[in-house]
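Report on one structure; see the data block that follows.
The values are calculated or read from the model by the stated rules, or taken from the named source; none is laboratory data. Because the structure is predicted, anything quoted here is derived from the model rather than measured. Neighbour counts run over all protein chains shown; Cβ positions are idealised from the backbone, glycine included. Keep in mind that these areas ignore ligands, DNA and RNA; they rest on the heavy atoms of the full protein, side chains included. Shrake-Rupley method; radii C 1.70, N 1.55, O 1.52, S 1.80 Å.
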Amino acid sequence: MVITARRGADRGLRPADVRRDLRGIADLLAEAFAGEMDEAGWRILREMRFWARWGWLLRVLEWFLPPGEGFAPGYVWVEDGRIVGYTMVRRLRPGSGDWLIANVAVAEGFRGRGIGRALVSTCLEYARASGARRAVLQVRADNTPALRLYRSLGFQEIGRIQLWRREAGGHAGQLGAAALEIPGCRVRPARAAELSPLMAHVAAWENPAMRLFEPLDLLPTALVWGPLRPRGRELWVLEAEDGRMLGLAAWTRREGRWTLRPFVDPSATPLQAQWLVTTALQEAPLGVPLGALTGGEPVLSAAMLAVGFRPARTLIGMGCDLSAASPR
(Lines give C-alpha, C1' and ligand atoms only; values in the text may rest on other atoms or scores of the structure.)
Protein backbone atom coordinates (compact mmCIF):
# COMPACT_ATOMS: atom_id res chain seq x y z
CA MET A 1 0.00 0.00 0.00
CA VAL A 2 1.36 3.43 -0.93
CA ILE A 3 1.29 5.86 1.98
CA THR A 4 0.23 9.35 0.92
CA ALA A 5 0.87 12.64 2.64
CA ARG A 6 -1.97 14.74 3.99
CA ARG A 7 -3.67 16.97 1.43
CA GLY A 8 -1.90 20.17 2.47
CA ALA A 9 1.58 18.69 2.94
CA ASP A 10 4.63 20.44 1.45
CA ARG A 11 6.53 17.23 0.83
CA GLY A 12 5.61 13.81 -0.50
CA LEU A 13 2.70 12.30 -2.39
CA ARG A 14 -0.83 13.61 -1.99
CA PRO A 15 -4.07 13.98 -4.00
CA ALA A 16 -4.01 16.88 -6.43
CA ASP A 17 -5.90 19.89 -5.04
CA VAL A 18 -7.56 22.00 -7.72
CA ARG A 19 -7.54 25.03 -5.40
CA ARG A 20 -3.75 25.29 -5.22
CA ASP A 21 -2.10 22.89 -7.71
CA LEU A 22 -3.32 23.80 -11.20
CA ARG A 23 -0.56 26.29 -11.98
CA GLY A 24 2.16 24.01 -10.62
CA ILE A 25 0.81 21.05 -12.62
CA ALA A 26 0.70 23.17 -15.79
CA ASP A 27 4.32 24.29 -15.26
CA LEU A 28 5.45 20.70 -14.73
CA LEU A 29 3.64 19.40 -17.83
CA ALA A 30 5.10 22.23 -19.93
CA GLU A 31 8.59 21.22 -18.79
CA ALA A 32 8.10 17.48 -19.22
CA PHE A 33 6.28 17.46 -22.59
CA ALA A 34 7.48 20.65 -24.30
CA GLY A 35 8.82 18.71 -27.29
CA GLU A 36 5.66 16.67 -27.83
CA MET A 37 2.66 18.98 -27.41
CA ASP A 38 0.69 20.47 -30.27
CA GLU A 39 -1.33 23.68 -30.15
CA ALA A 40 -4.24 21.89 -28.46
CA GLY A 41 -1.94 20.82 -25.64
CA TRP A 42 -0.55 24.32 -25.14
CA ARG A 43 -4.08 25.71 -25.13
CA ILE A 44 -5.05 23.32 -22.33
CA LEU A 45 -2.07 24.49 -20.27
CA ARG A 46 -3.05 28.13 -20.82
CA GLU A 47 -6.57 27.32 -19.65
CA MET A 48 -5.21 25.54 -16.55
CA ARG A 49 -3.19 28.62 -15.63
CA PHE A 50 -6.24 30.83 -16.14
CA TRP A 51 -8.50 28.65 -14.00
CA ALA A 52 -5.83 28.44 -11.30
CA ARG A 53 -7.12 31.86 -10.16
CA TRP A 54 -10.57 30.33 -9.63
CA GLY A 55 -9.50 27.13 -7.92
CA TRP A 56 -11.88 27.65 -5.01
CA LEU A 57 -14.83 27.70 -7.46
CA LEU A 58 -13.63 24.54 -9.21
CA ARG A 59 -13.27 22.85 -5.84
CA VAL A 60 -16.92 23.62 -5.03
CA LEU A 61 -18.05 22.30 -8.42
CA GLU A 62 -16.08 19.08 -7.90
CA TRP A 63 -18.42 18.13 -5.07
CA PHE A 64 -21.07 17.46 -7.72
CA LEU A 65 -18.86 15.30 -9.98
CA PRO A 66 -18.39 11.51 -9.77
CA PRO A 67 -15.00 10.07 -8.74
CA GLY A 68 -12.40 10.42 -11.47
CA GLU A 69 -14.15 13.25 -13.30
CA GLY A 70 -12.78 16.28 -11.45
CA PHE A 71 -10.79 19.19 -12.86
CA ALA A 72 -7.36 17.87 -11.80
CA PRO A 73 -7.96 14.18 -11.03
CA GLY A 74 -4.83 12.46 -9.85
CA TYR A 75 -1.88 12.82 -7.51
CA VAL A 76 1.08 15.14 -7.10
CA TRP A 77 4.50 14.76 -5.51
CA VAL A 78 5.67 17.86 -3.68
CA GLU A 79 9.19 18.85 -2.61
CA ASP A 80 9.62 22.04 -0.55
CA GLY A 81 6.26 23.31 -1.73
CA ARG A 82 7.02 22.71 -5.44
CA ILE A 83 5.13 20.17 -7.54
CA VAL A 84 7.77 17.89 -9.04
CA GLY A 85 5.55 14.95 -10.01
CA TYR A 86 2.02 14.48 -11.29
CA THR A 87 -0.12 11.69 -12.71
CA MET A 88 -3.71 12.00 -13.85
CA VAL A 89 -6.22 9.20 -13.33
CA ARG A 90 -9.78 9.44 -14.56
CA ARG A 91 -12.56 7.39 -16.08
CA LEU A 92 -11.83 6.91 -19.79
CA ARG A 93 -15.41 7.74 -20.78
CA PRO A 94 -18.60 8.26 -18.75
CA GLY A 95 -19.93 4.92 -17.58
CA SER A 96 -16.83 3.03 -18.70
CA GLY A 97 -15.07 0.42 -16.57
CA ASP A 98 -11.75 1.54 -18.08
CA TRP A 99 -9.76 4.25 -16.34
CA LEU A 100 -7.06 6.30 -18.05
CA ILE A 101 -3.68 7.07 -16.54
CA ALA A 102 -2.01 9.97 -18.33
CA ASN A 103 0.42 12.88 -18.02
CA VAL A 104 2.88 10.89 -15.93
CA ALA A 105 5.51 13.56 -15.32
CA VAL A 106 8.47 13.93 -12.96
CA ALA A 107 10.66 17.03 -13.03
CA GLU A 108 14.23 16.68 -14.20
CA GLY A 109 16.50 16.30 -11.20
CA PHE A 110 13.92 14.22 -9.32
CA ARG A 111 13.82 11.25 -11.66
CA GLY A 112 15.12 7.83 -10.69
CA ARG A 113 13.93 8.18 -7.08
CA GLY A 114 10.77 6.07 -7.35
CA ILE A 115 8.44 9.07 -7.57
CA GLY A 116 6.88 7.92 -10.85
CA ARG A 117 6.29 4.42 -9.47
CA ALA A 118 4.62 5.80 -6.34
CA LEU A 119 2.36 8.09 -8.39
CA VAL A 120 1.24 5.40 -10.84
CA SER A 121 0.79 2.78 -8.11
CA THR A 122 -1.42 5.14 -6.14
CA CYS A 123 -3.49 5.94 -9.22
CA LEU A 124 -4.03 2.22 -9.81
CA GLU A 125 -5.17 1.76 -6.22
CA TYR A 126 -7.57 4.69 -6.52
CA ALA A 127 -9.03 3.37 -9.78
CA ARG A 128 -9.43 -0.13 -8.33
CA ALA A 129 -11.15 1.25 -5.21
CA SER A 130 -13.49 3.23 -7.49
CA GLY A 131 -14.65 0.05 -9.24
CA ALA A 132 -12.42 0.17 -12.33
CA ARG A 133 -12.00 -3.09 -14.23
CA ARG A 134 -8.96 -2.00 -16.20
CA ALA A 135 -6.43 0.85 -16.34
CA VAL A 136 -5.09 1.98 -19.71
CA LEU A 137 -2.35 4.36 -20.84
CA GLN A 138 -0.16 5.39 -23.77
CA VAL A 139 3.62 5.53 -23.79
CA ARG A 140 6.19 6.38 -26.43
CA ALA A 141 7.73 3.24 -27.90
CA ASP A 142 11.22 4.67 -27.33
CA ASN A 143 10.64 5.49 -23.64
CA THR A 144 12.40 2.43 -22.23
CA PRO A 145 12.35 3.45 -18.52
CA ALA A 146 8.60 4.11 -18.61
CA LEU A 147 7.90 0.84 -20.42
CA ARG A 148 9.92 -1.03 -17.81
CA LEU A 149 7.97 0.66 -15.01
CA TYR A 150 4.54 -0.03 -16.49
CA ARG A 151 5.31 -3.67 -17.22
CA SER A 152 6.50 -4.17 -13.65
CA LEU A 153 3.14 -2.83 -12.45
CA GLY A 154 1.18 -5.34 -14.53
CA PHE A 155 0.54 -3.42 -17.78
CA GLN A 156 0.61 -5.33 -21.08
CA GLU A 157 0.66 -4.03 -24.65
CA ILE A 158 -2.74 -3.91 -26.36
CA GLY A 159 -1.75 -2.24 -29.63
CA ARG A 160 0.33 0.45 -31.31
CA ILE A 161 -0.46 3.85 -32.74
CA GLN A 162 1.62 5.45 -35.48
CA LEU A 163 1.63 9.25 -35.72
CA TRP A 164 2.52 10.70 -39.12
CA ARG A 165 3.44 14.19 -40.35
CA ARG A 166 3.44 15.63 -43.86
CA GLU A 167 5.07 18.99 -44.37
CA ALA A 168 3.30 21.80 -46.19
CA GLY A 169 3.68 21.32 -49.92
CA GLY A 170 4.99 17.79 -49.53
CA HIS A 171 4.13 15.81 -52.65
CA ALA A 172 6.90 13.20 -52.58
CA GLY A 173 5.74 10.02 -54.27
CA GLN A 174 2.13 11.17 -54.60
CA LEU A 175 0.22 9.87 -57.58
CA GLY A 176 -3.01 11.28 -58.87
CA ALA A 177 -6.07 9.40 -57.65
CA ALA A 178 -7.15 8.69 -61.21
CA ALA A 179 -3.87 6.88 -61.90
CA LEU A 180 -4.61 4.46 -59.05
CA GLU A 181 -8.11 3.37 -60.04
CA ILE A 182 -8.45 -0.39 -59.61
CA PRO A 183 -11.01 -2.59 -61.37
CA GLY A 184 -13.50 -4.21 -59.02
CA CYS A 185 -13.65 -1.40 -56.45
CA ARG A 186 -14.05 2.35 -56.13
CA VAL A 187 -13.39 5.25 -53.78
CA ARG A 188 -16.34 7.57 -53.23
CA PRO A 189 -17.61 10.18 -50.73
CA ALA A 190 -19.55 8.80 -47.78
CA ARG A 191 -23.31 9.21 -47.64
CA ALA A 192 -25.32 10.56 -44.70
CA ALA A 193 -27.38 7.36 -44.46
CA GLU A 194 -24.21 5.31 -43.89
CA LEU A 195 -23.38 6.62 -40.43
CA SER A 196 -24.25 3.44 -38.51
CA PRO A 197 -22.44 0.96 -40.79
CA LEU A 198 -19.42 3.27 -41.04
CA MET A 199 -19.12 3.49 -37.26
CA ALA A 200 -19.51 -0.29 -37.00
CA HIS A 201 -16.71 -0.82 -39.51
CA VAL A 202 -14.41 1.61 -37.68
CA ALA A 203 -15.02 -0.29 -34.43
CA ALA A 204 -14.11 -3.55 -36.17
CA TRP A 205 -11.04 -2.22 -38.00
CA GLU A 206 -9.23 -0.10 -35.39
CA ASN A 207 -6.95 -1.81 -32.87
CA PRO A 208 -7.67 -1.38 -29.14
CA ALA A 209 -4.87 1.15 -28.66
CA MET A 210 -6.49 3.51 -31.15
CA ARG A 211 -9.53 3.77 -28.88
CA LEU A 212 -7.38 5.48 -26.26
CA PHE A 213 -7.44 8.51 -28.54
CA GLU A 214 -10.65 10.50 -28.74
CA PRO A 215 -13.14 8.43 -30.75
CA LEU A 216 -13.97 9.41 -34.32
CA ASP A 217 -16.65 11.75 -32.99
CA LEU A 218 -16.41 14.10 -35.97
CA LEU A 219 -17.77 11.41 -38.26
CA PRO A 220 -21.44 12.33 -37.66
CA THR A 221 -20.65 16.04 -38.20
CA ALA A 222 -18.98 15.32 -41.51
CA LEU A 223 -22.13 13.56 -42.71
CA VAL A 224 -24.49 16.41 -41.81
CA TRP A 225 -26.39 17.95 -44.71
CA GLY A 226 -27.32 21.60 -45.05
CA PRO A 227 -25.70 24.74 -43.59
CA LEU A 228 -24.02 22.84 -40.74
CA ARG A 229 -22.07 20.64 -43.15
CA PRO A 230 -18.33 21.46 -43.18
CA ARG A 231 -16.89 22.72 -46.43
CA GLY A 232 -15.37 20.00 -48.58
CA ARG A 233 -15.82 16.26 -48.54
CA GLU A 234 -14.13 14.87 -45.45
CA LEU A 235 -15.09 11.17 -45.51
CA TRP A 236 -14.18 8.73 -48.24
CA VAL A 237 -15.18 5.09 -48.53
CA LEU A 238 -13.24 2.34 -50.29
CA GLU A 239 -15.92 -0.02 -51.61
CA ALA A 240 -15.76 -3.35 -53.44
CA GLU A 241 -17.84 -3.98 -56.53
CA ASP A 242 -20.27 -6.11 -54.51
CA GLY A 243 -20.88 -3.26 -52.03
CA ARG A 244 -18.55 -4.43 -49.24
CA MET A 245 -16.76 -1.61 -47.43
CA LEU A 246 -13.00 -2.13 -47.53
CA GLY A 247 -11.85 1.13 -45.98
CA LEU A 248 -12.65 4.60 -44.69
CA ALA A 249 -10.59 7.79 -44.61
CA ALA A 250 -11.81 10.69 -42.48
CA TRP A 251 -10.39 14.16 -41.92
CA THR A 252 -10.64 15.67 -38.44
CA ARG A 253 -9.84 19.31 -37.76
CA ARG A 254 -8.72 20.73 -34.44
CA GLU A 255 -6.88 23.94 -33.60
CA GLY A 256 -6.40 24.51 -37.32
CA ARG A 257 -4.61 21.17 -37.83
CA TRP A 258 -5.89 18.63 -40.32
CA THR A 259 -5.45 15.00 -39.30
CA LEU A 260 -6.25 12.01 -41.50
CA ARG A 261 -7.72 8.90 -39.88
CA PRO A 262 -7.64 6.02 -42.39
CA PHE A 263 -9.00 2.56 -41.60
CA VAL A 264 -8.88 -0.52 -43.83
CA ASP A 265 -10.27 -4.03 -43.79
CA PRO A 266 -7.59 -6.74 -43.41
CA SER A 267 -8.41 -7.93 -46.94
CA ALA A 268 -7.51 -4.55 -48.53
CA THR A 269 -4.38 -4.46 -50.69
CA PRO A 270 -1.58 -1.86 -50.41
CA LEU A 271 -2.61 -0.31 -53.73
CA GLN A 272 -6.23 -0.03 -52.61
CA ALA A 273 -5.13 1.66 -49.37
CA GLN A 274 -2.96 4.07 -51.34
CA TRP A 275 -5.86 4.93 -53.63
CA LEU A 276 -8.06 5.69 -50.60
CA VAL A 277 -5.43 7.92 -48.97
CA THR A 278 -4.55 9.68 -52.22
CA THR A 279 -8.19 10.48 -52.91
CA ALA A 280 -8.66 11.90 -49.41
CA LEU A 281 -5.58 14.10 -49.91
CA GLN A 282 -7.29 15.84 -52.82
CA GLU A 283 -9.59 17.50 -50.25
CA ALA A 284 -6.82 18.70 -47.91
CA PRO A 285 -5.88 22.40 -48.01
CA LEU A 286 -2.71 23.35 -49.84
CA GLY A 287 0.27 24.85 -48.07
CA VAL A 288 -0.39 23.53 -44.55
CA PRO A 289 1.26 20.65 -42.66
CA LEU A 290 -0.91 17.56 -42.25
CA GLY A 291 -1.04 14.84 -39.63
CA ALA A 292 -2.31 11.26 -39.67
CA LEU A 293 -3.01 8.45 -37.21
CA THR A 294 -2.90 4.76 -38.06
CA GLY A 295 -2.70 1.57 -36.09
CA GLY A 296 0.57 0.49 -37.69
CA GLU A 297 -1.07 -1.75 -40.32
CA PRO A 298 1.55 -2.55 -43.00
CA VAL A 299 -0.76 -1.70 -45.93
CA LEU A 300 -1.56 1.69 -44.43
CA SER A 301 2.06 2.38 -43.53
CA ALA A 302 3.07 1.74 -47.16
CA ALA A 303 0.28 4.04 -48.36
CA MET A 304 1.29 6.87 -46.02
CA LEU A 305 4.93 6.69 -47.11
CA ALA A 306 3.91 6.65 -50.78
CA VAL A 307 2.04 9.97 -50.49
CA GLY A 308 4.70 11.90 -48.60
CA PHE A 309 3.88 11.27 -44.93
CA ARG A 310 6.78 10.46 -42.60
CA PRO A 311 6.64 8.69 -39.21
CA ALA A 312 6.61 11.18 -36.32
CA ARG A 313 6.48 8.82 -33.35
CA THR A 314 5.04 5.48 -32.25
CA LEU A 315 2.89 5.09 -29.15
CA ILE A 316 2.18 1.84 -27.35
CA GLY A 317 -1.23 1.36 -25.78
CA MET A 318 -1.10 -0.67 -22.56
CA GLY A 319 -3.72 -2.12 -20.24
CA CYS A 320 -3.66 -3.44 -16.68
CA ASP A 321 -6.33 -5.82 -15.38
CA LEU A 322 -7.42 -4.38 -12.04
CA SER A 323 -9.43 -7.45 -11.11
CA ALA A 324 -6.13 -9.29 -10.57
CA ALA A 325 -4.02 -8.91 -7.46
CA SER A 326 -1.83 -5.79 -7.54
CA PRO A 327 1.92 -6.34 -8.13
CA ARG A 328 4.08 -6.21 -5.02
Cut-off 16 Å (backbone N to label point 7 Å along Cα→Cβ of I182), residues of the stretch 237-252: 237-249
In nm, spacing of pseudo-spin labels at W42 and N143 (7 Å Cα→C-beta vector): 2.1
Taking the simple approach of a point 7 Å from Cα along Cα-to-Cβ for both E194 and R113, what is their distance in nm? 5.6
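Find out how many positive minus negative residues lie around D27, taking Lys and Arg as positive, Asp and Glu as negative, among other residues whose Cβ is under 10 Å from that of D27.
With Lys, Arg at +1 and Asp, Glu at -1, the net is +2.
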Could you please report the charge total around D265, scoring K, R as +1 and D, E as -1 over all other residues with beta-carbon less than 12 angstrom from its beta-carbon? -2
How much accessible area does T269 have with a 1.4 Å probe, in Å² rounded to the nearest 10? 60
Theoretical gain in end-to-end length, F50 to N103 [0.36 nm per residue, Cα-Cα removed]: 17.2 nm
Just to confirm a number: summing +1 for Lys and Arg and -1 for Asp and Glu over residues other than R134 whose beta-carbon lies under 15 angstrom from that of R134, what do you get? +2
